[in-house]
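Undergrad: For reference, the structure I am asking about is given below.
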Amino acid sequence: MPAAAETMPQNATQNSALAPGFQDPVHDAQDCFRAIMNAMARPGTLHGVRTSELTPPAPLTPAGAAAALTLFDYDTPVWLDRTLMASDEVKGFLRFHTGAPIVSEPVEAAFALVADPLQLISLASFNQGSAEYPDTSTTVILLKQDFGDGDKVTLEGPGIEKSAQFAPKPVPPTFWDQVIANNRQFPRGVDLIFAGSAEIAALPRSTHVTLPES
């Protein structure tokens, strides 16, 4: 058992053990990592992730768990939104399977998991990286996303031929204004991953967003 799990309450540890991770950790993580990288390389496009074997404790979703098991490790501090932070089972699952330290300050996080996207804190609250080390910024993972039924925005930039439409939901009312401000500070800024039921999409900080005309 990882050392991090030994400090957890017994109930949380037991509940975590009842929720297994990847059946084939190496190959499943490789497949998910490939999907995430393809999503980052082609902003706004959907990429399937294998989630049928994952039953993480709620409110962590299978797609969110797949991303966590792929990206998190002992060297990646993780920030959880209030909904996830309130669940000892979720914290136990993440610590047991990834060893990632859970931090209370968003600016300290390499990754952020958000189970209640409508209550997402400001993107400016996360680590923005620096001009010298932009890759130290936070990657924010939004869970419970539906694709194609939200307010459509237009995407332009690296990995997009001319332009593309993107319409995830739910997102906060000021979300797209924040994403536009995030892009303006490139190469600094956060990266975004949108996790649906069994597919993901991404918006790297290099993506330019245009809102629909009113």
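Undergrad: Suppose we filter segment 28-57 for residues that are at negative phi and outside any helix (DSSP H, G or I); how many remain?
TA: Of the residues in that region, 15 qualify.
Undergrad: Residue under question is VAL103, and the condition is that it be touching a strand residue (DSSP E or B) at 6+ places or on another chain (Cβ under 9 Å), surrounded by fewer than 17 Cβ atoms within 10 Å (Cβ to Cβ), over 26 Å from THR45 (Cα atoms) and among the hydrophobic types (A, V, I, L, M, F, W, C); does it hold?
TA: yes
Undergrad: Filter segment 138-157 for residues that are among the hydroxyl-bearing types (Ser, Thr, Tyr), within 20 Å of the chain's Cα centre (by Cα) and not in a loop (DSSP other than H, G, I, E, B) and give the result.
TA: THR139
Undergrad: Let me ask another. Go through segment 169-192 and give me each residue that's closer than 15 Å to PRO204 by Cα and assigned to a loop (DSSP other than H, G, I, E, B).
TA: GLN185, PHE186, PRO187, ARG188, GLY189, VAL190
Undergrad: Among the residues that make up segment 158-168, is at least one of them of a type in the set (Ser, Thr, Tyr), under 18 Å from ALA201 (Cα atoms), over 19 Å from the mean Cα position of the chain (by Cα) and part of a loop (DSSP other than H, G, I, E, B)?
TA: The answer is yes, given that some residue of segment 158-168 is of a type in the set (Ser, Thr, Tyr), under 18 Å from ALA201 (Cα atoms), over 19 Å from the mean Cα position of the chain (by Cα) and part of a loop (DSSP other than H, G, I, E, B).
Undergrad: Name the one entry in GLN145, GLN119 that is modelled with pLDDT of 95 or more and either acidic (Asp, Glu) or surrounded by fewer than 16 Cβ atoms within 10 Å (Cβ to Cβ) (or both).
TA: GLN119
Undergrad: Specify the residue that is surrounded by the most Cβ atoms within 10 Å (Cβ to Cβ); the eligible residues are those in segment 148-163 that are within 10 Å of VAL209 (Cα to Cα) and among the hydrophobic types (A, V, I, L, M, F, W, C).
TA: Looking at residues that are within 10 Å of VAL209 (Cα to Cα) and among the hydrophobic types (A, V, I, L, M, F, W, C), I get VAL153.
Undergrad: Follow-up. So which residues in segment 131-146 are aliphatic (A, V, I, L, M) and closer than 13 Å to PRO204 by Cα?
TA: Residues satisfying the conditions are VAL140, ILE141.
Undergrad: Read through the list (1) over 30 Å from LYS162 (Cα atoms); (2) free of Cβ contacts under 8 Å to residues at least 24 places away in the same chain, then give the number of the only condition that ALA65 fails.
TA: (2)
Yes/no per residue for (1) at pLDDT 95 or above; (2) in a helix (DSSP H, G or I):
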| position | (1), (2) |
| --- | --- |
| PRO59 | yes, no |
| ALA66 | yes, yes |
| THR70 | yes, yes |
| ASP75 | yes, no |
| GLU89 | yes, yes |
| LEU94 | yes, yes |
| LEU113 | yes, no |
| GLN128 | yes, no |
| ASP135 | no, yes |
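Undergrad: Scan THR98, THR70 and give me the residue that is hydroxyl-bearing (Ser, Thr, Tyr) and more than 21 Å from PRO168 (Cβ to Cβ).
TA: Every option except THR98 fails the conditions.
Undergrad: List the residue pairs whose Cβ atoms are under 6 Å apart, where the first residue sits in segment 6-32 and is farther than 16 Å from LEU54 by Cβ, the second is modelled with pLDDT under 50, and the two are 6 or more positions apart or on different chains.
TA: What qualifies is THR13/ALA5.
Undergrad: Can you give me the number of residues within segment 172-193 that are of a type in the set (A, V, I, L, M, F, W, C) and closer than 13 Å to LEU120 by Cα?
TA: Qualifying residue count, segment 172-193: 4.
Undergrad: Here is a follow-up. Within segment 76-87, which residues are touching a residue at least 24 places away in the same chain (Cβ under 8 Å), over 15 Å from VAL107 (Cβ atoms) and either surrounded by fewer than 21 Cβ atoms within 10 Å (Cβ to Cβ) or not aliphatic (A, V, I, L, M) (or both)?
TA: ARG82, THR83, SER87
Undergrad: Exactly one of these conditions fails for ARG184: (1) of a type in the set (Lys, Arg); (2) surrounded by 15 or more Cβ atoms within 10 Å (Cβ to Cβ); (3) free of Cβ contacts under 8 Å to residues at least 60 places away in the same chain. Give me its number.
TA: (2)
The values are calculated or read from the model by the stated rules, or taken from the named source; none is laboratory data. Because the structure is a prediction, the values reported are computed rather than measured. Glycine also receives a Cβ, built like all others from the backbone with ideal geometry; neighbour counts cover every protein chain displayed.
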